[in-house]
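A.B. asks: Take this structure first; my questions come after.
The values are calculated or read from the model by the stated rules, or taken from the named source; none is laboratory data. Keep in mind that this is a model prediction, so the values were computed, not measured. Virtual Cβ from ideal backbone geometry, glycine too; neighbours counted across all protein chains shown. The area values use the complete protein model at the heavy-atom level, side chains included, leaving out ligands, DNA and RNA. Shrake-Rupley method; radii C 1.70, N 1.55, O 1.52, S 1.80 Å.
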Amino acid sequence: MSTTPRLEIVYCTQCRWLMRAAWTAQEVLTTFPKELGEVALVPSTGGIFDISLDGELLWSRKAEGGFIELPLLKQLVRDRIAPDRQLGHSDRKAE
């Protein structure tokens, strides 16, 4: 069994959000190539676009009222898997 983090993106096939899910996965894998063990794209229905890390929900489109901005997603992932890592331009502090 792998001990490396697993990011899961559950997306709505009816809404045709596969490309958004794939782009999000690409961005996260590009930023965390060694820290993440897996990024899974999980097809679903009903307008869902949820992102979880090791079973912990990081973002829900329905609950938050929209899609997550990539810099924020990268910060949320970084804070859990590589807290000392710098993210460059994506590393801005919330005011």
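A.B. asks: Looking only at the stretch 30-62, count how many residues are in contact with a helix residue (DSSP H, G or I) (Cβ under 6 Å, 6 or more places away or on another chain) and assigned to a loop (DSSP other than H, G, I, E, B).
C.D. replies: The qualifying residues number 1.
A.B. asks: Tell me, which residue of the stretch 53-85 that is open to solvent by less than 30 Å² (accessible area, probe 1.4 Å), among the aliphatic types (A, V, I, L, M) and out of contact with any Leu (no Cβ under 9 Å at 6 or more places or on another chain) is modelled with the highest pLDDT?
C.D. replies: Leu70
A.B. asks: Which residue pairs have Cβ atoms closer than 6 Å, lie 6 or more positions apart in sequence or on different chains, and pair a first residue in the stretch 62-77 that is farther than 13 Å from Asp50 by Cβ with a second residue that is open to solvent by less than 70 Å² (accessible area, probe 1.4 Å) and assigned to a helix (DSSP H, G or I)?
C.D. replies: Short answer, once both residue conditions are applied: Leu70/Glu27; Pro71/Ser90; Lys74/Thr31; Lys74/Ser90.
A.B. asks: Of the conditions (1) in contact (Cβ under 8 Å) with a residue 24 or more places away in the chain; (2) surrounded by fewer than 19 Cβ atoms within 10 Å (Cβ to Cβ), Gln26 satisfies every one except a single condition; which number is it?
C.D. replies: Looking at each condition in turn, Gln26 falls short on (1).
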